[in-house]
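Values quoted throughout were computed directly from the atomic coordinates according to the rules given, and no laboratory measurement underlies them. Note that this is a predicted model, so its numbers are computed, not measured. All Cβ positions, even for glycine, are placed from backbone atoms using ideal geometry, and neighbour counts span all protein chains on display.
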Amino acid sequence: MIEVQDLTKVFRKPVRGSGLSGMVKTLFSRKYDEIRAVDGISFTVPDGEIVGYIGANGAGKSTTIKMMCGILTPTSGSVRIDGVEPYRKRRQVAQNIGVVFGQKTQLWWDIPLVESFKVLKEIYQISDADYAGRMAFLGEVLDITRFLSQPVRTLSLGERMRADLAASMLHNPRILFLDEPTIGMDVLVKEKIRQAIHALNRTYGTTVVLTTHDMTDIEDLCSRIILLEKGAILYDGPLKSLKNRFGNLKTLTLTVPAEIRAETAPRLSPELAISEEDGRLVLRFDADRLPLEQVIQYAFRELRAMDMKIAEISVGDVVKTILEQQEAEHAETI
Amino acid sequence: MLKRYKPFLRAGAMDTLAFRFNILMWALITVCEVACLVFLWLAVYRSSVDGMDAVIHGFSFREMISYVVLTTVFGFVTFNNSTLWNINTDIKKGTVGNYLIKPISYRGKFAATSLGSLLTMTALFGLPLYAAALLVLSGLGFLPDLAFPGFFAHLGLFLLSGLCASLLNDTISYVFGVLCFYTSSGWGLNSLKETLISFLSGTLLPLAFFPAGLRDVLSWMPFAGMSQDPVLILMMKYDLATSLRCVAVSAAWIVALELFAKGLFSRAVRKVTVQGG
């Protein structure tokens, strides 16, 4: 179980003057800017849950992850992993967590992959039987057996990431922190990584906290989402209610005869927005207020639709809307 | 618990063997250096009042040459850790985080690596080189008769003080390395460390040549135990009691410095700001 209480991290950054005179001045007097990367957040993650931790670049996601795994010490507030603060009892917590930073490898660059695993086996004191079992499981779900004997530097990005994931799961951690595990991966590798996370969660009941910019990851994996913006939590709850935050939004894309245009089409209700995209009509509406059935009938009868596609609003659209609203509010207060 | 550090011990040993070219270059440079020092001391002794029979600050010419040769070999075998540089790289590249999330201590990792390196160097180069140097030097009459069995006690204490010297060097490197958390750059700190050690440990010049007051202070500092004392123990210039005292002082400093390093690290690690990502 992860308990985060009023967690805050303030970075102090020296303000450097520009040009030579500025640099000389900074040598003698230092002024610091304070940046509140994480600003008083609280949440709890129960065992076995997969949580998506999302937000724009610089929202404070990585900083939170680094505090949860004990690399960074909070300025105030606390993190407890099964009751223990990771930055105080680093080694004790490290035995029970696995961490992957998508942008940095933790494998030893010059030695064959399998040797890296053997080093980890010793560091985490994994028994021979557990090691064999875990390697078989991970070799299958992550498909890494083929390149075990290659030095890590010769692996492709996708192979390396799978190897990194396997390395973080080798000691069967109770909690897995994944900071952008699918960054720069092609669709097939992404798919494989998601399956592996699912398999691990089902097989061992591993808790997973995952940051990503890929909304497909979120829709595929996470039952719960925490949305972070400027160091504060904007939303924490099930994926479903985030989707419905702006109502049960649906989009109908219609292929219609050429003479039906968005401007001139007969209106059904002011609740229904009509626009044109690539020669097709696009209808947007809240299905809770305007029944879907009614809109479909209208589309066939009034707009003489020949083909139609119904889509729900995506998480990406919702997140985008929320962040845009925040931005707008922020601009107004200034 | 110590089993967790086995891979690092092994890595230290393997890294040492990986740099054959470095070792070759070192041998070449060292022969030249030792030759220069021999001529330097030759000039010093020749121009002294008593000529070549002079005993300067307790060193005859022959003892001085033995001292120069043995400190050089000792330095090569004992001081080959890259702890400071590795910490510096970890901080610059942000890889320090990789170790902070593993169930091992950062200090222990480096201690194990350095120990692996020391054991390999001692077995592969140390023992043959010490044996060759001792045989040649005593054959030439540069060293007093290596009277057995008394010599074995000195040899044992020498190996022990060599281990202490290596640990001291590694701990000091580690302390300076941890200071990189504050400076974000290891270059200046490394120069400072190297200069301090080569000057205060008697590698450059035996401490007997220093003013009396400074000499007394330095005999209680950790530096003499890193070069001068082990060599003088081996040369049997120290009696057993003095030798034991030297090893005890070194051991006490190791404990003190490790405790200091622990405190420093737990403060410094709060300053970690892994950049980017």
Problem - Distance between modelled label sites at A:Arg16 and B:Trp220, nm, 7 Å Cα→Cβ extension - result: 4.5
Fill in the blank from the handout: Going from the fewest other Cβ atoms within 10 Å to the most, one would list A:Ser275, B:Ser114 as A:Ser275, B:Ser114
Fill in the blank from the handout: For B:Leu42 and A:Gln92, extending 7 Å from Cα along the Cα-Cβ vector and measuring point to point gives, in nm, a value of 6.6
Practice task
Please list, or write none, the lysines whose alpha carbon is within less than 18 Å of the alpha carbon of A:Lys31, excluding same-chain residues fewer than 8 places away.
Solution key: A:Lys13, B:Lys271
Completion exercise
On the formula 1/(1 + (r/R0)^6), with r taken between the Cβ atoms of B:Trp85 and A:Leu148 and R0 of 35 Å, the FRET efficiency rounded to 0.05 is 0.70
Exercise for the section: Compare A:Arg134, A:Arg80, A:Arg12 in a GNM of chain A, Cα atoms joined below 10 Å, and give the one with the largest fluctuation. Expected result: A:Arg12
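Work out the length of the dipole vector of the protein assembly as shown about its Cα centre, built from +1 on the beta-carbon of each Lys and Arg and -1 on the beta-carbon of each Asp and Glu, and round it to the nearest 20 debye.
Computed charge dipole of the protein assembly as shown: roughly 1040 debye.
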Exercise for the section: Using θ = phi - 60° and the Karplus relation 6.51 cos²θ - 1.76 cosθ + 1.60, list the HN-Hα couplings for the stretch A:101-111 in order, rounded to whole Hz, with x at every Gly or Pro. Expected result: 9, x, 8, 9, 8, 10, 8, 7, 4, 9, 9
Problem - Using alpha-carbon coordinates, inclination of helix A:315-333 to the longest axis of chain A, degrees - result: 90
Fill in the blank from the handout: Among beta bridges assigned by DSSP with both residues in the protein assembly as shown, the antiparallel ones amount in percent, to the nearest 5, to 70
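Which whole number gives the average, over all residues in A:92-101, of C-beta atoms from other chains lying within 10 Å of the residue C-beta?
Details: counts 1, 2, 6, 3, 1, 2, 1, 5, 0, 6.
That works out to 3 on average.
Return a whole-number percent for the relative contact order of the stretch B:33-75, with Cα pairs under 8 Å and 6 or more residues apart as the contact set.
39
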Completion exercise
Summing -39500 (n - 2.57) over every DSSP H run of at least 4 residues in chain A and dividing by its residue count gives a helix-only mean residue ellipticity at 222 nm, to the nearest 500 deg cm²/dmol, of -11000 deg cm²/dmol
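Pairs of alpha-carbon atoms within less than 8 angstrom and 6+ residues apart define the contacts here; what relative contact order does chain A have, in percent?
About 18 percent, as a whole number.
Apply the membrane-span-like helix rule to chain B: whole DSSP H runs, Cα extent along the own long axis of at least 30 Å, mean Kyte-Doolittle hydropathy at least 0.5. List the helices found.
B:20-46, B:150-183, B:240-268
Report relative contact order for chain B in percent, whole number only (criteria: Cα-Cα under 8 Å, sequence separation at least 6).
Normalised by residue count, the contact order of chain B is 24 percent.
What is the antiparallel percent of DSSP beta bridges lying wholly in chain A, to the nearest 5? Kindly include the intermediate steps, with their values, before the conclusion.
Numbers: 41 of 60 bridges.
For chain A, the DSSP antiparallel bridge percentage is about 70.
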Practice task
Calculate how steeply helix A:157-169 sits against the longest principal axis of the alpha-carbon atoms of chain A, using the helix alpha-carbon long axis, and give the answer as 0 to 90 degrees to the nearest 10.
Solution key: 60
Fill in the blank from the handout: Helix A:128-142 sits off the longest principal axis of the Cα atoms of chain A, rounded to the nearest 10 on a 0 to 90 degree scale, by 30
Problem - For B:Val272, A:Val15, order by how many other beta-carbon atoms lie within 10 Å, fewest first - result: A:Val15, B:Val272
Handout entry: Approximate spin-label separation A:Leu27-A:Glu140, in nm, with each point projected 7 Å along Cα-to-Cβ
Key = 6.5
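Based only on other Cβ atoms within 10 Å, what is the fewest-to-most ordering of B:Asp170, A:Asp143, A:Asp110?
If I rank by nearby Cβ atoms, fewest first, I get A:Asp110, A:Asp143, B:Asp170.
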